[in-house]
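Data block below; observations after.
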C-alpha cells in the first residue's frame, strides 16, 4: 500500500498537491492528467523511488468501491438518491457499499482504516451534517462529496437543493390559497435543511405580514410517523387549531392526516396539508399529498458524477450544486374560501 | 493474507475441517476452541509453517466487518431487520456494511474478492433466494447466514418466518369474518415467501371448500405501490369484484385502499383488506391496516447472533430458525355480516 511504502505526504508537499492526488497517481495514473501528474512523477523519482514498480504494486489494490454513509435507512426519501448514486457508480464500474451510522470523532479513524483496507475510492456522505474537523479529515484521505446535508465551511463539495426557496414556495402556495392560520412541523433543527426550511417558512409569512402563535412552529427530534402523530394531535386537539399545516417531510404529512382522522376532521375540508420530499407513498395516501418534489434520483446521480470528477482529478475544486425543486399539487389542500362556502 | 502465504485448502483437508475454520484459527485463534484448534495447529506445523508468525501476520487483517446483502433498500420492511442485525453486530464490536444488488454467477467472484479485501468476516444475505452453487461458493469462503429468503438445499443456515402458517392464519381470519369472495395480491412467485404464502392462502380456502376465480390470485413481479395500484384497480373495477383482498405486503394493502377510494368504495365497508409485514405506515394509514406482524427486529438480531456463532465456530452447523408471526387486528376489515346490516 502506498502509505506504507513511500512517504506520500512528503512527496505531496514537494509536488504542491494533496496526498490524495499522489495516491491517485499511484493507483490510477491514467486518470490523472497533465501538469499535476508530471509534477508528482518527478517528485517520486527525485525521492529515489521506482515509479513503475510503485504503480504496479498499488494498482493491484485499485478495486475501488464507493462508500455511501447513511445515518439510517429508515427515511424512504433516501431510496431514489441511492438509485441515482448507484446508476452513476455502475456506469463507472464501481460497486457501492453503504455504511449506516453517524461519523463522529470516535469512529472516524476506524472508518478511515476500514475504508483504506476496503479499497474505498470515494465517500458520499448522506444525512447528518459532518463536523468541520471530521469532514476535513476524510477529505484529506479520500475524496468526499456531501449530499443533501452539508457543512458549508468544509473543503469538500456538496450536492443538495435550495431548501430555503423550496419552503418559501410551499408556504406561498398555502398563503395564495388564502390560509392565514398556518402551522409548521419541522425536522431536527440541528440539520441544515430544517434551518433553511424554517427560514423559508418565516420569510414567506413575514412578506405577507402574517403572524402565528410561536408554539405552531414545531421542531421534532426525528423524522418519524409516531413523533409526527403526537405533534399533529397536539395541534389539532384544541379549538384554537390551525387551518393548514406545512410539514417539512411527507412522513409528517401522513401523520397529520391520521391525527385529523382521529379527531373526526377531514383533510382537506377541515385542514389543509402540504408535505415535502414527494416520497412514493405521498401519491398513494388518501388524500394524496400536495408536496415539494426533490429531484432525488438526480441529486444522487449528480453526487456520483461529482465524485468521479473528484476521483479523476483530486486537485480540481468542483463548485457546490443546488438543484431545483417543484411543487406538486394534489388533494391534501384546497382553497380556504371554497371550504367556507362548502360548510 | 492467509491464502497467499499458506495452502489453506490443503491444511483444511489434512485437518478435516473447512478452509474457513483454518482462516479463523489464523485470524482469531482465541475464538476457536478445543479439538478443532489443536487439529489445525498440528496440520500447520506439520506442513512446516511457523504458526505464531502466521497468526501475527493474519490477525493484523482481522478488522472484521459484517456485510449485509440487500437486493434493494426500497422495501421498508427491511428497516427493522437491519436494526436487529446492527444491534447484534455492534454488541460484538463489528461494523456493518450493506451491499445492494443481487448476487449472481457474474458478480460472485468480484464480491468474494472485495469481501476478502474488505475484512468481511461474515455475510448475511437478505432478499432474493440464492442459487445453490452461489450460496455454497460463498459458504466455502465466508460464513453465510440466509435471512428471510432462503435456499433450503444450501449448506448455510437460515433465519426466517413460517410464511405458510402466517398466510393460512391471515386467510382464516378473513374466512372467520364470513367473507367468501376473497382475492390475493402476492409478490414475485420466484421468491420463497410468495410460494409459501400462496400455499397457505390456498390451504385455508380448501379446508373450508371455498373456491375463487383463478384470476383473483395475482402474483406481481415486484413489491411496489404502483404495481399494487394497477392490480387492485383491475380487481375492483368490475361489478364482479371480491369482498376482501389479502395482500402479501402492506405496500399492496395501501394500494388497495387507494384504488378503492378512486372507485368510490370504502375500506372496510365495501372492501375488507388484510396486509402482511406490519411496516410502520400500516398503523398510520387511514384506515389502519389489519396485518401479519413479522418480528423484523428479532429476525435481524437472530441472524446476527447466528452469524457470530458461525464465526466463533465455523465447524458448528446451527439449525435453521423459523420465528413466529402474529395477526394484528386494525380497521381495514370488519365482519362481513355487519356490513350487510349497515347497508
Name the single residue, out of those in the range B:88-103 being within 17 Å of the chain's Cα centre (by Cα) and more than 9 Å from chain A (Cβ to nearest Cβ), that is modelled with the lowest pLDDT. B:102
Has the range B:249-266 got at least one residue that is more than 14 Å from chain A (Cβ to nearest Cβ) and not in a helix (DSSP H, G or I)? no
All but one of (1) at pLDDT below 90; (2) part of a strand (DSSP E or B) hold for residue A:72; which doesn't? (2)
Say whether the condition of being in contact (Cβ under 8 Å) with a residue 24 or more places away in the chain, buried (at least 18 other Cβ atoms within 10 Å of the Cβ) and farther than 30 Å from residue B:22 by Cα is met by at least one residue in the range B:153-161. yes
Can you tell me which of A:123, A:66, A:138 is more than 10 Å from every other protein chain (Cβ to nearest Cβ), more than 30 Å from residue A:226 (Cβ to Cβ) and assigned to a helix (DSSP H, G or I)? A:138
Somewhere in the range B:17-32, is a residue farther than 15 Å from residue B:311 by Cβ, out of contact with any helix residue (DSSP H, G or I) (no Cβ under 8 Å at 6 or more places or on another chain) and at pLDDT below 80? no
Among the residues of the range B:206-245, count how many are over 26 Å from the mean Cα position of the chain (by Cα), under 21 Å from residue B:325 (Cβ atoms) and surrounded by 15 or more Cβ atoms within 10 Å (Cβ to Cβ). 1
Restricting to the range A:238-248, what's the tally of residues that are farther than 15 Å from residue A:212 by Cα and touching a helix residue (DSSP H, G or I) at 6+ places or on another chain (Cβ under 8 Å)? 2
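The values are calculated or read from the model by the stated rules, or taken from the named source; none is laboratory data. Note that the structure is predicted; figures quoted are calculated from it, not measured. Positions of Cβ are backbone-derived with ideal geometry, glycine not excepted, and every protein chain shown enters the neighbour counts.
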